Amino acid sequence: VQLQASGGGLVQTGDSLRLSCAASGRTLSRYSVGWFRQAPGKEREFVSAISWRGSPTYYADSVKGRFTISRNVAKNTVYLQMNSLKPDDTAIYYCAADPGTASQPMGVRSYNYWGQGTQVTVSS
């Protein structure tokens, strides 16, 4: 499966963005999908994930209540709705996928397929 992340941009504190992870080559309905982010000088960290069944979903504590992961099976796309953005959310956001149930949905190593990343910059 090939993944294409998009939707990033430069926004102000409190604004919203919706990231998209479009898949080609395979149907995402058979894949668990995760969103990760990496800020300059920091390790890649988990943001959110959705099971191949569509639930359950998972969130990092830092984004709970602000971010929502969802998917549109017909469009073969997973979304990350990001509200109330903060400067600490600034990072390159990556989507990743793996067939079936991820052994550790929050783990970087649970996903074998990665998109190229989209930059999110939140100004204060």
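The values are calculated or read from the model by the stated rules, or taken from the named source; none is laboratory data. No experiment lies behind these values; they were computed from the predicted model shown. As a convention, Cβ positions derive from the backbone with ideal geometry for all residues, glycine included, and neighbour counts pool all protein chains shown. All accessible areas refer to the heavy atoms of the entire protein, side chains included, with ligands and DNA or RNA removed. Shrake-Rupley method; radii C 1.70, N 1.55, O 1.52, S 1.80 Å.
Of the trypsin sites (Lys or Arg not before Pro) found in the stretch 1-50, those that fall in a DSSP loop while having at most 15 other beta-carbon atoms within 10 Å are Arg26, Lys42. The stretch 92-118 and the stretch 1-45 have Cα centres spaced 10 Å apart. Length gained on full extension, Ser6 to Ser24, computed as 0.36 nm times the residue gap minus the Cα-Cα distance: 5.1 nm.
When restricted to Cα atoms, the stretch 1-68 yields an Rg and a Dmax of 13.2, 36 Å, respectively. Tally Lys/Arg at +1 and Asp/Glu at -1 over every other residue whose Cβ is under 14 Å from the Cβ of Val108; what's the total? Result for the local shell: +1.
Full extension of the chain between Lys64 and Gln116 gives 16.3 nm of extra length, using 0.36 nm per residue less the Cα-Cα distance. Summed over the residues of the chain and divided among them, the accessible surface reaches 51 Å² per residue at a probe radius of 1.4 Å.
Using the Cα centre of the stretch 13-124 as the reference point, and only Cβ charges (+1 on K/R, -1 on D/E), how large is the resulting charge dipole? Debye, rounded to the nearest 20. Please report the intermediate quantities before stating the final value.
Working: 13 positive and 7 negative charges, 71 e Å.
For this selection, approximately 340 debye.
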